[in-house]
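Chemist: A single structure is presented below for examination.
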Amino acid sequence: MPKSKVTKTKKIPKKIDNEEKQQIQEEQEAKPIKWNELDQYIGQPLWDTREKRWRILDGYRRMQNTYSVTFSDIADWVSFNDRCLYLEEEGQTI
């Protein structure tokens, strides 16, 4: 009796274009809050990368070239430019 050849079909994974892959990754990464978006986040907890903790945004102001923010746990104004604020912890994906 001759042996019959049985061929196995392999599933070929869908090839994802590098641009599509990069776009998906960018959508999943947490993005820092921009200066012009701060108004909608007053009174909400934000992740402060400099302090590495959650803080409640209390206010913001601009005087000439200085951008400042204040939080509910401090009485002073701190520079907005030397910190990044996020809606989610840095390192977590959406």
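The values are calculated or read from the model by the stated rules, or taken from the named source; none is laboratory data. Just so it is clear, the structure is predicted and the values come from calculations on it, not from any experiment. Please note: Cβ atoms are built from the backbone with ideal geometry, for glycine as well, and neighbour counts cover all protein chains shown.
Chemist: Quick check on my filter: what residues within region 43-80 are exposed (fewer than 13 other Cβ atoms within 10 Å of the Cβ) and assigned to a loop (DSSP other than H, G, I, E, B)?
Modeler: GLY43, GLN44, ARG50, LYS52, GLN64, ASN65, SER72, ASP73, ILE74, ALA75, ASP76
Chemist: Just one of (1) out of contact with any Asp or Glu (no Cβ under 9 Å at 6 or more places or on another chain); (2) modelled with pLDDT of 90 or more; (3) closer than 21 Å to GLU89 by Cα trips up GLN25, so point out which.
Modeler: Of everything listed in (1) out of contact with any Asp or Glu (no Cβ under 9 Å at 6 or more places or on another chain); (2) modelled with pLDDT of 90 or more; (3) closer than 21 Å to GLU89 by Cα, GLN25 misses just condition (2).
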